[in-house]
Amino acid sequence: MSDQIKHSFVYLLAGGMAVGCLAMAVDLFRPTGPAEKPAELAARPSKRIVSAREVEYRSELIERAKRQQEAVEAAQERKEAVAAAKQAQAQQMTLQQLAQNEKIEQMARDLAEMHQASDEAKRLADIRQQVLTHAGHMAVHSEKPWQTLIIVAEAYEEEGDVTAMKSVLGDAEKLAHNPVDADVASWAIRDVVKAMVKMRLDDESLKAIENISHPQARDLATLDVAVWYSNQGDTQLAKDLSKSISNELTKDQLLVSVAEGESEYEGLNRAALTINQITNAAQRDDAWGKVAMKLSRAGDFPSAESAINRMTNEAKRDRTLVTMARELAKNGRASRGMQMLMRMSNSAMIDAALCEISSDYARRHEFTTSEYFSERIASKGKRSAAISTLTIEKSKRGELDEALASVDVIPEELVRERTLRSIAGVMARLNNPRRARNVARRIQSANERDLAFASVAAAAAVKGETSIAFNTIQEISLPHAKALALLALARSQYAAGHVQKATTLQEKVVSLLAEVESNAQRDQVLVGVARLLQFQHDSYVASDYCALISNVGLRDKIWSELAVTQIRQGNLAASQASAGQIVNEQLRNRCYDATAKVFAQQVKPESAIVKSRELETHRQRVVFLCEIAGKI
């Protein structure tokens, strides 16, 4: 059976091959012609009949192929989406890592800066401590070590170092003791007690008082402590301390302060009990007056009037009434203040009070109220002064026409002309120099007129109107007035860079000095020359003119100004020399202190101790070092 199948398969294969060869032969021998187009082939009907099953099968294959293609595309999309998600996640992680790294780096930088700042702060703190320690050593070797140590203690107080402050004040108290002279020691310890009270060292101050042997110094030190307690509201402790005061007048002085404090914290009735304990009548009146003022400032005017009514000294009562009337006027109760003044018996004092109140209102630019009081002044002199102040203040506000009209009602001619002089200067400063010159020409007095022209010229020079200033100077005849005007013009020329013109004007001023007869007027011109030379940074020549000033107080003032100017210009030696020329010891010490503080602003903390040796006195060095410590 198997052999039969094999023979059949062979026959079929051979037949198929024969048919194939025959078809090839037909194609080889078919006549050639033009190729058919695809459209023609498509239009030509197919000779092969396709079964429905084959069509369905083909459709199924196509559909399956589409589904496979879609599955492949969906898988590709999923793959791409996963890849994109992984890439985004990687990018996010990278960004987070970068941000974290940046944060770590910033934290590292901040930490480094903190360490650096901490190191810098520690370095500056060490320098500050070294500077203050050296200041303490300098203070110990000063002429009055207890006073100089108080300066060091104040520096520690500003630093907030209470322990060091107490220690330094303790050293000051020890150095204040003088085994040779107990009285000198007592007054020195009193200085320390005052410093302790100022720095609120209550217990220490009370203990220090026990070391004062001089009765008056001890009483005054106790008074200082007790007054401080009274001002803080502890009036009972202040009263207790008064029992240890031996001098009756000092005790009464303390009771005055206690009564004043009680009036503020506990009212009039409580204060009255304390006032009744005061033995001295004058001190008792002082107490009533201070209580009255304390109550009036608090707005309790009925109680204040009650306190005034208990005063026995008429003059003191009138002065208190004046002060209270001013308080009432400031609080908008002018008519009530006027009633208070009418209770006074001294008409001259009433006029003086009305003049003061009127002037106060004028300076506050309340012109209507100022006129209300000035019109009620009986004295021509005081009324003239009040109207003059009112007029000048009006001109400063730009009410020039009203001011000039008010001048005409001033009773006294001299006051009227001085008022015109002031108005002329104000007008010139308000950019109206030509009208100011016309106002000056209305003045009859040659002296006042020349001073008015000098004011106008000076104001024009400051404004840069050189020609108006120069022409105005030509109308001045008095030497000192012309010199003052030329000084103002010289200063403006120097400020504008015209050094040669300024020098020429300065030489004219110096030549006019010989014509000035009055010492006061001559000193005024010398002061102007010295200040001009300071402005020109010529301090050495300024010293020469400063030395020519005859008035000692004025000369000391200019020496002080010159010393500060010289140290600001970096000339320490000249500044020290100028300060040393001051006659008044208190002013000289203040000048030394001021120059030391200015010098401290020019020196770096690191070199402060070395630089301090360039200063004159131990006290000045201490002030300098404490100022250095304060700016670190």
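Please list 3J(HN,Hα) in residue order for segment 440-457, calculated via the Karplus relation 6.51 cos²θ - 1.76 cosθ + 1.60 where θ = phi - 60°; whole Hz, with x for glycine and proline.
4, 5, 6, 7, 7, 5, 4, 5, 5, 5, 5, 5, 5, 4, 4, 5, 5, 5
Out of residues 5 or more away from R442 or on other chains, whose amide H comes under 5 Å of its own, with H placed 1.01 Å from N in the peptide plane?
Residues meeting the criterion, in which the H sits 1.01 Å from N, do not exist here.
How large is ³J(HN,Hα), in whole Hz, for each residue of segment 415-426 in order, when computed from phi with the Karplus curve 6.51 cos²θ - 1.76 cosθ + 1.60 and θ = phi - 60°, using x for Gly and Pro?
Values per residue, Gly and Pro as x: 5, 4, 6, 5, 5, 4, 4, 5, 5, 4, x, 5 Hz.
Determine the per residue accessible area of the chain with all protein chains present and a 1.4 angstrom probe, expressed in square angstrom.
Values: 35330 Å² over 632 residues.
Per residue, the chain has an accessible area of 56 Å².
Could you please report the charge total around K316, scoring K, R as +1 and D, E as -1 over all other residues with beta-carbon less than 13 angstrom from its beta-carbon?
Values: positive: R284, K290, R310, R317, R319; negative: D285, D286, E314, D318.
Taking every Cβ under 13 Å from that of K316, the sum is +1.
Tell me the mean residue ellipticity at 222 nm calculated for the chain from its helices only (DSSP H runs of n ≥ 4, each -39500 (n - 2.57), averaged over every residue, nearest 500).
Numbers: 32 runs with 499 residues, N = 632.
Per the formula, -26000 deg cm²/dmol.
On the accessible surface of the chain, probed at 1.4 Å, how many percent belong to carbon and sulfur atoms? Don't jump to the answer; show the numbers that get you there.
Numbers: 18390 of 35330 Å².
Here carbon and sulfur together make up 52 percent of the probe-accessible area.
Taking the Cβ-Cβ separation of E210 and Q236 as r and a Förster radius of 30 Å, what is the calculated FRET efficiency to the nearest 0.05? If you can, show how the numbers build up before the last one.
Numbers: r = 21 Å, r/R0 = 0.71.
Efficiency at R0 = 30 Å is approximately 0.90.
For the pairs K166/K604; K194/K604; K122/K207; K122/K194, flag any whose C-alpha to C-alpha distance is greater than 31 Å. Display every interim value, and only then the final one.
Working: K166/K604 28 Å; K194/K604 33 Å; K122/K207 36 Å; K122/K194 34 Å.
Violating the 31 Å limit, Cα to Cα: K194/K604; K122/K207; K122/K194.
Give me the lysines in straight-line cross-link reach of K330: C-alpha distance below 29 Å, same-chain residues under 8 apart excluded.
Partners within reach: K290, K294, K316, K380, K382, K394, K396.
Using the Karplus equation 6.51 cos²θ - 1.76 cosθ + 1.60 (θ = phi - 60°), what ³J(HN,Hα) coupling, rounded to whole Hz, does each residue of segment 552-559 give in order, writing x for Gly and Pro?
Karplus values, whole Hz, x for Gly and Pro: 5, x, 5, 5, 4, 4, 6, 4.
Over segment 310-366, what relative contact order in percent results from Cα pairs under 8 Å that are six or more residues apart? Numbers along the way, then the final one.
Details: 34 pairs, mean separation 15.9, N = 57.
Worked out over segment 310-366, it gives 28 percent.
To two decimal places, what compactness ratio does the chain give when its Cα radius of gyration is scaled by 2.2 N^0.38 Å?
Working: Rg = 51.0 Å, N = 632, 2.2 N^0.38 = 25.5 Å.
The value comes to 2.00.
Given Cβ point charges of +1 (Lys, Arg) and -1 (Asp, Glu) and nothing else, what value in debye, to the nearest 20, does the dipole of segment 106-207 about its Cα centre take? All intermediate terms of the calculation are to be shown ahead of the outcome.
Values: 12 positive and 19 negative charges, 19 e Å.
The dipole magnitude comes to about 100 debye.
Report the trypsin sites (Lys or Arg not before Pro) located in segment 185-236 that are in a DSSP loop and have at most 14 other Cβ atoms inside 10 Å of their Cβ, or state none. Before the final figure, lay out the partial values.
On the way: sites: R190, K194, K198, R200, K207, R218; in loops: R200.
Those satisfying the criteria are R200.
Placing +1 on the Cβ of each Lys and Arg and -1 on the Cβ of each Asp and Glu in segment 232-352, which of N276, I350, L255 has its Cα farthest towards the positive end of the resulting dipole?
Projecting each Cα onto the dipole axis, the largest value belongs to I350.
Could you order the peptides 306-312, 52-58 from most to least packed, using the average number of other C-beta atoms within 10 Å per residue? Before the final figure, lay out each step's value.
On the way: 306-312: 18.4, 52-58: 9.6.
Sorting 306-312, 52-58 by mean packing, highest first, produces 306-312, 52-58.
How high is the FRET efficiency between E399 and N519 when r is their beta carbon distance and R₀ equals 51 Å, given to the nearest 0.05?
On the way: r = 39 Å, r/R0 = 0.76.
The value I calculate is 0.85.
Where does helix 347-363 land angle-wise versus the long Cα axis of the chain, in degrees 0 to 90, nearest 10?
The angle comes out at about 20 degrees.
Counting Lys +1, Arg +1, Asp -1, Glu -1, what net charge surrounds A287 among other residues with beta carbon under 14 Å of its beta carbon? Don't skip to the answer; put the middle values down first.
On the way: positive: K239, K251, R270, R284, K290, K294, R310, K316, R317; negative: D252, E260, E262, E264, D285, D286.
Surrounding charge for A287 is +3.
Taking only Cα atoms, what is the 0 to 90° angle, nearest 10, from helix 145-159's long axis to the longest principal axis of the chain?
Relative to the chain, helix 145-159 is tipped by roughly 30 degrees.
What aspartates and glutamates sit close enough to K198 to cross-link, taking a C-alpha to C-alpha distance under 14 Å and skipping anything fewer than 8 places away on the same chain?
Output for K198: E154, E157, E158, D224.
The values are calculated or read from the model by the stated rules, or taken from the named source; none is laboratory data. Note that the structure is a prediction, hence the values are computed from the model and not measured. Here the Cβ is made from the backbone with ideal geometry for all residues, glycine too, and neighbour counts use every protein chain on show. Remember, those area values only see protein heavy atoms, side chains included, never the ligands or the DNA or RNA. Shrake-Rupley method; radii C 1.70, N 1.55, O 1.52, S 1.80 Å.
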